[in-house]
Amino acid sequence: MSFLRIPKNVTALSKFSRTYFSTSSRMSQQPDGLILGVYKDLTLANSVKALDENVKTQLTEQLKNSGATGKLGELRVLYGLDSCPKQVAVVGLGKAAEASVPKNMENARKAAAIGARALREQGAKVIAVDSLGSLQGAVEGAKLGLYSFDSLKAEKSRKPLVEVTPYDQTEQESSAWKNGLACSEAQNFARILAETPANHMTPRLFADQVASKLSPLENVEVIVRDGEWAEEMKMGAFLSVTRGSAAPPRFVEIHYRGGKENEKPLALVGKGVTFDSGGISIKPSANMHLMKGDMGGAAAVAGAMFGIASLQLPINVVACIPLCENMPSGTATKPGDVITAMNGKTIEVLNTDAEGRLILADAIYYASTTFKPHTLIDVATLTGAMVIALGDVFSGVFTNSDSLWKQLDDAGHNTSDMFWRMPLHPSYKKLITESPVADLMNVGSRAGGSCTAAIFLKEFVAGLDDEEADEAEQIRFAHIDIAGSMDSGSTNGYTIKGMTGRPTRSLIEFARTFQ
Ligand code: BES
Ligand code: MN
Ligand code: ZN
């Protein structure tokens, strides 16, 4: 068997590491910027005891004079406040939501992002953040809001490096601060992977990036497999997609062993198409460049693994990430070709642009048979129909398990990286089983395109619908279609125009809270 085991001591980070791969959280200089928050009636959301009454009066006075109201996202930068950093960004937090932690957290995220970008714009190098009603939200917002993918730009047009630190230094050790750092660094890592152009993020480079970022972490093992290994595993569906490309495929397996030795793992599977041209069923050229992000599922899964391992959560998780390009060429799979997946099922490839489900089919079968997970979740930029259905607000979840849906829904709400339940229903199956030549077809009709894709994937989950099995023994399966949430058309709060890295935070939160 051919595979490359990445040694523990990989330190070579790529040139993309420059800004975001730093894990240091120690303050090197005194802050020259501070972010504070005010609620609707201009009451300070300041938890810092040190801020004395005089300063508070000064602040309130200046805010009033500036016409501030404290509505969410409203920004004022103040200078020359006694015993404060040089520049103080005061950001509106809107109404304090009494009973809603997620809402306060989300408001803190938005406010911190707006404040942090304003201070960076004005030259601040070390930005202190007050808790803004939620310390975790504040650090996440600042870190996510400062993200900027400029490693391929000239040095002089790159955004300056900025350090983020809690205003109250004792909070450095709090779980809120640590969770916030881990979640934002994880999502920024996913953003970089997804945003990086396809010529800089081939399957091989993706695997290298993930290995160097994750293998130094405690209890993590990264195994990178090549095409030969996939041949040996008889992954005919995965390989059929790789055939048109000159870039060799990879299959990345990440193990995180934080639970008991014999405890069944959670399995995450991510679609890693580093560029989707459509193959022989080629896509129109308008917006084809966005298909550099067709490994957004793989990126979110890798990001989540980073977050889970950084927090050393007490569970076992395994991630499987099939990586390839979908390209047209003389050796590419042709419409009408029949291929055989790892589980022995034959598939008529009616449209080579429905490639995601093919690579996921083998990855899902491999993960469910090899690791016998209690829960398997795949994350994929799978269907254009999902963009139409949910836009960029929710990621769609297709699951056979009410308990799994409940846990994902909660995780989505808690992180404001939300899910909406979609049908995983056997009625859609007939649309993909009426091939005259094979067991399955890789597309149904246009109608219900996201639902037929989901039911196709379910065919490759081993351990489902096994009549012999006890209900509790059955694997819980969810497919998350992120075609709509993978990118954002504009910068708004902590959302930065481009690839979003979603749903990294909600996957980490799910892993943190499920039992
Ligand atoms: N990667 C695309 C889906 C996609 C489209 C993601 C737009 C994000 C934005 C996927 O591989 C694809 O091409 N799907 C086809 C399937 C169809 C041929 C059945 C689609 O949705 O058009
Ligand atoms: Mn496609
Ligand atoms: Zn695709």
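The values are calculated or read from the model by the stated rules, or taken from the named source; none is laboratory data. Since this is a predicted model, take the numbers as computed values, not measurements. Virtual Cβ from ideal backbone geometry, glycine too; neighbours counted across all protein chains shown. Protein only, heavy atoms only, side chains kept; ligands, DNA and RNA dropped before computing areas. Shrake-Rupley method; radii C 1.70, N 1.55, O 1.52, S 1.80 Å.
Things to note:
- Filtered residues of region 354-382 (kept if open to solvent by 40 Å² or more (accessible area, probe 1.4 Å) and either in contact with a Phe, Trp or Tyr (Cβ under 7 Å, 6 or more places away or on another chain) or within 16 Å of ligand 3 (Cβ to nearest atom) (or both)): 365
- Residue match in region 432-442 (condition: open to solvent by 10 Å² or more (accessible area, probe 1.4 Å), under 20 Å from residue 236 (Cβ atoms), more than 21 Å from the chain's Cα centre (by Cα) and within 16 Å of ligand 2 (Cβ to nearest atom)): yes
Conditions (1) closer than 19 Å to residue 136 by Cβ; (2) touching a Cys at 6+ places or on another chain (Cβ under 6 Å); (3) assigned by the TED database to the domain that holds residue 287; (4) of a type outside the set (A, V, I, L, M), marked per residue:
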{"residue": "474", "(1), (2), (3), (4)": "no, no, yes, yes"}
{"residue": "486", "(1), (2), (3), (4)": "no, no, yes, no"}
{"residue": "493", "(1), (2), (3), (4)": "yes, no, yes, yes"}
{"residue": "497", "(1), (2), (3), (4)": "no, no, yes, yes"}
{"residue": "505", "(1), (2), (3), (4)": "yes, yes, yes, yes"}
{"residue": "509", "(1), (2), (3), (4)": "yes, no, yes, yes"}
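- In region 309-322, the condition of being within 16 Å of ligand 1 (Cβ to nearest atom) and either surrounded by 24 or more Cβ atoms within 10 Å (Cβ to Cβ) or not aromatic (Phe, Trp, Tyr) (or both) is met by at least one residue.
- Region 250-283, residues that are open to solvent by less than 20 Å² (accessible area, probe 1.4 Å) and within 16 Å of ligand 3 (Cβ to nearest atom): 269, 270, 271, 272, 273, 274, 276, 277, 278, 279
- Qualifying residue in region 391-398 (condition: crowded, with 19+ Cβ neighbours inside 10 Å, among the β-branched types (Val, Ile, Thr) and under 20 Å from residue 237 (Cα atoms)): no
- From the list 277, 285, the one residue that fits, being in contact with a strand residue (DSSP E or B) (Cβ under 9 Å, 6 or more places away or on another chain), of a type in the set (S, T, N, Q) and over 11 Å from residue 194 (Cα atoms), is 277.
- Filter result for residue 320 (within 16 Å of ligand 2 (Cβ to nearest atom) and either in contact (Cβ under 8 Å) with a residue 60 or more places away in the chain or not assigned by the TED database to the domain that holds residue 457 (or both)): no
- Unmet criterion (only one of (1) part of a strand (DSSP E or B); (2) more than 16 Å from ligand 3 (Cβ to nearest atom)) for residue 406: (1)
- Candidate set: region 261-283, residues that are among the hydrophobic types (A, V, I, L, M, F, W, C) and under 25 Å from the mean Cα position of the chain (by Cα); chosen: the one nearest to ligand 2 (Cβ to nearest atom): 273
- No other residue among 286, 298 is more than 13 Å from ligand 2 (Cβ to nearest atom) and either open to solvent by less than 10 Å² (accessible area, probe 1.4 Å) or in a strand (DSSP E or B) (or both) apart from 298.
- Residue match in region 112-119 (condition: basic (Lys, Arg) and more than 27 Å from the chain's Cα centre (by Cα)): no
- Cross-chain or 6+ apart pairs with Cβ under 6 Å, region 346-359 first and part of a helix (DSSP H, G or I), then near ligand 3 (Cβ under 10 Å from one of its atoms): 356/271; 356/380; 356/382; 358/241; 359/241
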